[in-house]
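Computed from the coordinates by the stated procedures, all read-outs in this text should not be read as laboratory data. Computed from a prediction, not measured in an experiment: that's the story for all the values here. For neighbour counting, all protein chains shown are included, and Cβ atoms are generated from backbone atoms with ideal geometry for every residue, glycine included.
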Amino acid sequence: MRKRSLGIFGVLLAFSLFAAACSDDGATDTTEATDAPAATDAPDTTEAMEDDTDTPDDTEAMEDATGVKACLATSSTGVDDQSFNASAWEGVEAAMASGVATSESIFLEPGEVSQYQAVIDQFVDQGCEHIVTVGFDWGETTATNALAQEGITWTMIDNILSDPDTFAPLQLPNVRELVYQTDEAAFAAGYLAAGMSQTGVLCTYGGGNFPTVSIFMDGFTRGAAHYNEVKGTDVTVLGWDSDAGDGIFTGSFSDMGLARSTADGLFQEGCDMIIPVGGAINLPAGDAINDLGIDAALIGVDSDAFFAMDQQYASLWLTTVEKKIADFVTDSISEHAAGSWAAGSVVGTLANGGVGLAPYHDWDDRVSDELRGEVEQLLADITDGTVKAAFTPVGY
């Protein structure tokens, strides 16, 4: 059974994709860290999730692989966040199902940043061979422990570890960093939303102004601007200013009341296509749509929201800007088990299938053939570089 997080969402650290370890404010004091949550039991591999997660194509390498004990450390929002933590654990589950991760593989859910070091200590004590840390605020703890535990293989999601003095990538030999060029797919989502809008007003809000959040908002806004350039229209986007690099943020990834009031305000300004960024803080926007009785759509992030979120919202999702976190986590563990693992940054793009747009699901019959074709062509043009859609640097 999955154990819930032990505390409320902790204070987020001001790590970026380039400076994951540059602030003393976010340092974890190991002498004051609270006890780590109890380890969860790994599910029976025969009951592992059934989805479209792919395992590596090298069948021979898979047959020669020896299972490793993989241990996942979630961000403070926990494994049931219906977002990137859930996707990361799905990747570990798929690795267990294929035998490249042992059935003793576990996850832990620190309730706040002060518990991060205690979680790693427990993983080390339990003999974890491959540790996966989820979220940019794990940067400093991951870097510190990877340096101290050279015999452990690490996969870091949504952060590039950097030197605190020079901000240059640390490029540790036992750490792989998984990052995603999500603005490529978000650009296409912005174009799609602009074409679907009846009011000519799109909107967005995020939980906090961090690169892993704002990259969605920026790509979405630029995609709508591209639609205007192509069509000669004047669709506007509320909630993000690409020039200023700032927009509307709730300051929380768990305050649903604040998310609801934020969404209400945007809908009152005429928005009918909204992309909230920050896990389940998008659901209050769905509640607002239903309560207000407006014809509006949600755009999800990370995992296909049609499946990831509560089914009462299923009819509201136009699409989702996806990050293939599960696939990349599975690949990292599989390569470790097969002896072919390599450190460094791995960037998910449209070209390598690391990011993309989910199907239109219940909105499928409302997307015209013309717009559908334009979006498909735009995705192809972004992939081959004909259209520039990546404006937030990731990787190294």
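Data overview
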{"quantity": "Extension gain from Phe391 to Asp241, taking 0.36 nm per residue of separation minus the Cα-Cα distance", "calculated": "52.7 nm"}
{"quantity": "Kirkwood-based Rg to Rh ratio, region 106-168, C-alpha trace", "calculated": "0.95"}
{"quantity": "Estimated inter-spin distance, Asp295 and Leu147, nm [label 7 Å along Cα→Cβ]", "calculated": "5.8"}
{"quantity": "FRET efficiency estimate (nearest 0.05) - Cβ-Cβ, Ser340 to Ser103, R0 25 angstrom", "calculated": "0.65"}
{"quantity": "Burial order of peptide ranges 329-337, 214-222, 364-372, 236-244 (average beta-carbon count within 10 Å, highest first)", "calculated": "214-222, 329-337, 236-244, 364-372"}
{"quantity": "Cα-based shape type of region 278-325, given that a ≥ b ≥ c are square roots of the gyration tensor eigenvalues and the cut on a/c is 1.5", "calculated": "prolate"}
{"quantity": "Inter-probe distance in nm under a simple model that places probes 7 Å from Cα toward Cβ, at Val124 and Glu376", "calculated": "5.3"}
{"quantity": "Order by protection proxy (mean Cβ within 10 Å, highest first), peptides 165-173, 178-186, 115-123", "calculated": "178-186, 115-123, 165-173"}
{"quantity": "Full-extension gain in nm, Gln311 to Asn352, via 0.36 nm per residue minus C-alpha separation", "calculated": "11.8 nm"}
{"quantity": "Dipole magnitude (debye, nearest 20) for region 221-356, charges at Cβ of Lys, Arg, Asp, Glu", "calculated": "280"}
{"quantity": "Size of electric dipole in region 153-301: Cβ of Lys, Arg +1 and of Asp, Glu -1, about Cα centre, debye, nearest 20", "calculated": "280"}
{"quantity": "Residue-wise HN-Hα coupling along region 246-256, computed from phi with Karplus coefficients 6.51, -1.76, 1.60 (Hz; x: Gly, Pro)", "calculated": "8, x, 8, 9, 7, x, 8, 9, 9, 7, 6"}
{"quantity": "Label-point separation in nm, Asp369 to Gln171, each point 7 Å along Cα→Cβ", "calculated": "5.2"}
